[in-house]
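Here's the structure, in structure tokens; my notes come after.
The values are calculated or read from the model by the stated rules, or taken from the named source; none is laboratory data. Just so you know, these numbers come straight off a predicted model, no measurement behind them. Neighbour counts are summed over all protein chains in view; Cβ atoms, including those assigned to glycine, are modelled from backbone coordinates with ideal geometry.
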Amino acid sequence: MTHRTVRIAMNGVTGRMGYRQHLVRSILAIREEGGIDLGDGTVIQPEPVLVGRREHALRALAERHGLDPSAVSTDLDEVFADDSVTVYFDAQVTLAREEAIRKAIAAGKHVYTEKPTATGLEGALELARLARDAGIRHGVVQDKLFLPGLLKLKRLIDGGFFGEILSVRGEFGYWVFEGDWQPAQRPSWNYRAEDGGGIVVDMFPHWEYVLHELFGRVETVQALATTHIPQRWDEQGKPYSATADDAAYGVFQLAGGAVAQINSSWSVRVNRDELVEFQVDGTHGSAVAGLRNCRVQHRSATPKPVWNPDLPVTEPFRDQWQEVPGNGEFDNGFKAQWELFLRHVVAGEPYSWDLLAGARGVQLAELGLRSSAEGRRLDVPELTL
């Protein structure tokens, strides 16, 4: 058995998502399982190099997880000059991401990054061009495609369960506390436009790849973005003006004719089974998929409700749906995509979620904000390099 060590500069792992999902539940989990077996006698063994601005926080993480104390750096340029580091991963705040990825590409590092990949479409496309010209391998996190609920939904689509798909309705969100009498669950920069915050730039890239991969390319967008909560309190308990949108209501026309409507909000209280749910309606059947679960109703088992506001509802509508079985084990979605990307880097296996795919997400967010500002529907041009 040949062990192939891949050293990964991981920038932004002191943040919640970078630490929990990418470092602990992905890279460290892969190491604990013995690496990634390619099936040809080669095992990929990822080795993280923790990068960031707060050295004490990075060293604390390294000590907590038994990592080499020397694999910690606050000097990104020094890390890029290290030939033993072959992959750069970015989970920083959005405003810092584009410049760091440019440097990584210039240093010949393979790039794997959170989204959005840049603050604007022009920058996102330029990163994709630079990566193509440099001949490096590059990928963008598109984690929701690997959620158990959406994997079950894809199985239904691939099996022809829906017939012709007519519409997709998505509900995402939860109440993020303002920070005055209870601490907020999200960092304060998320609610300042000047710091790269806003739910459109955060969530529309997700909706782009979910719609694109499962139902068809987004051809038009009409959105309304708003700030429902105008004042919040930061991590030090100081009040600040929320200048970024905290809710967005979007309508997307898809290639093939289906229409998607997705509401995204950090100012909504949850009255659904999961924090995100997608209802898909087709001529032969419907499904409701969340993070983990998926329920279906075939046309042969569809009841015939009758509208009568004078009588109480007697039908248990939710009970009339059937749960889709897992038929297998589902791994952590972030970890599953990391494994695919590392196989792509080492063995050249196919991988389609690249920086151009990331640019599509930036494009949809940019057009969504513009649609909201102009109050009209906008076409979404197909992107090429």
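When you look at VAL306, is it more than 19 Å from the chain's Cα centre (by Cα), surrounded by fewer than 16 Cβ atoms within 10 Å (Cβ to Cβ) and at pLDDT below 95, yes or no? So that I can check it myself, show each step before the final result.
Values: more than 19 Å from the chain's Cα centre (by Cα): yes; surrounded by fewer than 16 Cβ atoms within 10 Å (Cβ to Cβ): yes; at pLDDT below 95: yes.
Yes: the conditions hold for VAL306.
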Considering the range 115-164, residues that are surrounded by fewer than 22 Cβ atoms within 10 Å (Cβ to Cβ) and β-branched (Val, Ile, Thr), and then whichever is modelled with the lowest pLDDT, we arrive at THR119
Looking at (1) surrounded by fewer than 23 Cβ atoms within 10 Å (Cβ to Cβ); (2) in a loop (DSSP other than H, G, I, E, B); (3) of a type in the set (Asp, Glu), can you tell me which one ASP245 breaks? (1)
For the condition farther than 30 Å from GLY328 by Cβ and touching a helix residue (DSSP H, G or I) at 6+ places or on another chain (Cβ under 8 Å), what is the one hit in LEU145, LEU153, LEU125? LEU125
Can you find even one residue in the range 162-173 that is part of a loop (DSSP other than H, G, I, E, B), out of contact with any helix residue (DSSP H, G or I) (no Cβ under 6 Å at 6 or more places or on another chain), of a type in the set (Ser, Thr, Tyr) and closer than 27 Å to GLY326 by Cβ? no
Of everything in the range 74-94, what is in contact with a strand residue (DSSP E or B) (Cβ under 9 Å, 6 or more places away or on another chain) and of a type in the set (A, V, I, L, M, F, W, C)? Give them in sequence order. LEU76, VAL79, PHE80, VAL85, VAL87, PHE89, ALA91
Taking interchain pairs and intrachain pairs at least six residues apart, which have beta carbon atoms under 6 angstrom, with the first residue in the range 291-307 and closer than 15 Å to LEU153 by Cβ and of a type in the set (S, T, N, Q) and the second at pLDDT 95 or above and surrounded by 15 or more Cβ atoms within 10 Å (Cβ to Cβ)? ASN293/GLY149; GLN297/SER286; GLN297/TRP321
Among the numbered criteria (1) under 30 Å from GLY35 (Cα atoms); (2) touching an Asp or Glu at 6+ places or on another chain (Cβ under 9 Å); (3) not assigned by TED's automatic domain parsing to the domain that holds ARG137, which one does VAL288 miss? (1)
